[in-house]
1. Using a Förster radius of 41 Å, what is the FRET efficiency between B:I28 and B:D205 based on their Cβ-Cβ separation? Nearest 0.05, please.
2. May I ask you to sort B:V330, A:V242 by Cβ crowding, counting other Cβ atoms within 10 Å and putting the fewest first?
3. Within segment A:192-230, which residues have the backbone N less than 15 Å from the label spot 7 Å out from A:R175 along Cα→beta-carbon, could you tell me?
4. Set the Förster radius R0 to 45 Å, insert the Cβ-Cβ distance between B:W19 and B:V403 as r into 1/(1 + (r/R0)^6), and round the FRET efficiency to 0.05.
5. For A:M50 paired with B:Q317, estimate the spin-label separation in nm (one decimal), with each label point 7 Å from Cα along the Cα-to-Cβ line.
6. Provide, in order from the shortest bin, the percent of all Cα-Cα pairs of segment A:121-220 in each 10 Å bin, continuing until the bin that contains the maximum pair distance.
7. Compute the separation of the alpha-carbon centres of segment A:241-295 and segment A:181-205 and state it in Å as a whole number.
8. Give the order of A:M1, B:M109 when sorted by the count of other beta carbons within 10 angstrom, beginning with the fewest.
Amino acid sequence: MNFDFSEEQKQIKDQARKFLSEKCSTKTVRALYNGAGGSDAALWRQIAEMGWMGTAIPEEFGGLGLGYLELCVVAEELGRALAPVPFSSTVYLFAEALIAAGSDEQKKRLLPKVASGELIGTFARAEGPGAVLPKTIRATLKGGKLSGTKTAVTDGMEADFAVVLARGSDDAGERGLQLALVDLKAKGVERRAIGSLDPSRPAADIAFEGANAEALGKLGEGWQNAERVLQHAAVLTAFEQVGGADVCLAMAKDYAMQRYAFGRPIASFQAIKHKLADMYVNNELARSNAYYGAWALSTGARELPLAAAAARVSATQAFDYAAKENIQTHGGIGFTWEADCHFYYKRSRQLGLALGPQRAWKDKLVGELERSNA
Amino acid sequence: MDFEDSPEEAQFRAEARAWLEGHAKPKIKREASDPLDERSDPAAMKRAREWQKIKADKGYARITWPKGMGGIGGTPMQAIIFGQEESKFDVPAGSAFAIGLGMCIPTVMAYCNDAVKARYVKPAVEGAEIWCQLFSEPAGGSDVAALKTRAVKDGDTWTINGSKIWTTGAQFSDYGLLLTRTDPNVPKHKGLTMFYLSMKQPGVDVRPIKQASGASGFNEIFFTDVKIPDSQRVGEVGQGWQVALTTLMHERLAVGGGQGGGLDVAQLMQLARTLELEDGPAIKNAAVREKIADWYVRSAGLKYTTLRTMTALSRGQQPGPEASIAKIVVASKLQDISAFAMELEGEAGVATGEDAPMHGAFQMGWLSAPGLRIAGGTDEILRNIIAERVLGLPQDVRVDKDVPFNKVPAGK
């Protein structure tokens, strides 16, 4: 039985934690909150120098070729640090879409730039509120031209390239869907920054009006390709969520130990102790589910769709609970702008929504259970 | 990251399997076995004792114990591997021995002299003698140290008066590990002393308790002028609480996963596939699917947490505190899944047994769940344990801490 990360992987994690503790405190996040929001460009460059973007990108495409387990441990540390960088959009989504669906030429052209940190990428699916389904995708890719509108695209303003789920033919449903690769600086691309629940993870609405774009993968496989990418991103994001949830528990604990009320530390009240114990239980369950997702992702197991959905749901629940109850444990001070609690509260929802809400993932999860029991 | 045995583990697994093949038949169908049935059925009990003896002779009865005491001095991982292999064979569950071997005898081994160990360890590990644990009392449940059963010394003999409650399997037990109050004039934790005694001796009156579920797994035991020689003391006079902590530490390792009667998401899905709701098949209903997913991630999370614990054991490390979360998760999930399944059954959900869907499995689960949330440490006590021992939060204010036990306020 070897259901844990290796010593080498734990070393990478320790190095990542040390690096981020020096380069990315909550002051980094606060500066963005107090300014115009967005990402920290200096931190992005430093992370690029560490080579993290290329962790799971094969060496032949300019990456380190380490693997997904190594990327998982880095993700956990980025989540702990609330790192305000377009890492998830670029690495978990854009690069994974290229790896999953791109031609050799497309990979050779773009992945080295992802690995070096020169290129910021993102992934665009939703076109409005509500569920994202094959029938809700109206953007079109025809004759190398992309038209339509995508909403709430994370890192949409800063991204150089996007992978866009679009309709490549008039066929209804999944059959007509295709992924499109588009240069966001090209003509026919209009971007508008929108307010973001988490100002350190910015978002944009993007309108395409006959913008030059190329197909990424085959027509009719767009939906499946997108689902595959989302599964990869769900596992990696689960590690960010678990990292964030663990910090919330530590913050709540530290505050409860030093805050006195009624003549004693509030950490000695069972109302607080049981809340923190519940956080711990949720976090441990989420961590274990994330580990199973990591195993499935790293081995390409056929259990990946189920493992990714379970990791996603479990981690979203754990981070949501830990973030809101961390504020509750802090009391009034936890609700102020000056306290750091709200950074985690906002990040927990941002991460919980950006790859699709729990409802959608739970439905996929049960669908996988139905298939495996059929 | 993988789920494979190490070469040493694979070798031990092969040895264990080969031995099992030579001594038992493979399991054909999974029958639901009520551990209490085994004890109340003399023929089943005889088979359980025989199998226990065969394992003890080989050293597979308690693998981590020394050779000659039913073990081979093996690792916890080897014990897990043997358990996995044994579960594939049609052999008695041996649940009658779980408390004795899991909690009582380890305490005897830690505190008693060689003569006592020589007398009691082997018969217990061979299944000849069954033990129970006599800690909880009507006035001391979660607050075990508030127990009142008195032991008074006269010469070399102690006289016991009082009562114990919630004692699993006492009606089938030969011996019991008994926590008593020997000095009520000091604070509660300091006036306790541990003994062992024969459950068959005069003055010991065992009465099964009928539970809310209708079953009788627990007992109340009354002690009236029961005489115990001082040689049956376990640990020093006044050190009973320290001795009890050894026992309880073993209990927390023993109680945990594998409980809940096997009722989980798979059974709920099985039910949902057969039922129609207002808007079509239950399995296609969005609310049903959300619930299934919620419980699935808790079950799966627990399963993979167990694998993390096993990994630590496999690497020769102490398992982390994650082992302590199992019962909190399992017990309330059992209660919630059962209640939800009955909601889906609708008006027909009031039926029980063979009159109910799926042989009344959910009704049975729902009826037994309150007990599981209480036994072996309530949900609340387990949360305190996580908060204090895992997270390091301070204990609650103890108003009885420095007060002599006989001056502590008590309810009726």
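1. Working from the Cβ atoms, E equals 0.45.
2. Result, fewest neighbours first: B:V330, A:V242.
3. What the label zone holds, given the 15 Å backbone N cut-off, is A:219-223.
4. 0.20
5. For A:M50 paired with B:Q317, the spin-label model returns 2.1 nm.
6. With a bin width of 10 Å, the distribution comes to 18, 51, 27, 4.
7. Comparing the Cα centres of segment A:241-295 and segment A:181-205, I get a distance of 35 Å.
8. B:M109, A:M1
Read-outs: derived from the displayed coordinates by stated rules, not from any lab. Values in this document were obtained by computation on a predicted structure and should not be read as measured data. Positions of Cβ are generated from backbone atoms using ideal geometry, with glycine treated the same way; all protein chains shown enter the neighbour counts.
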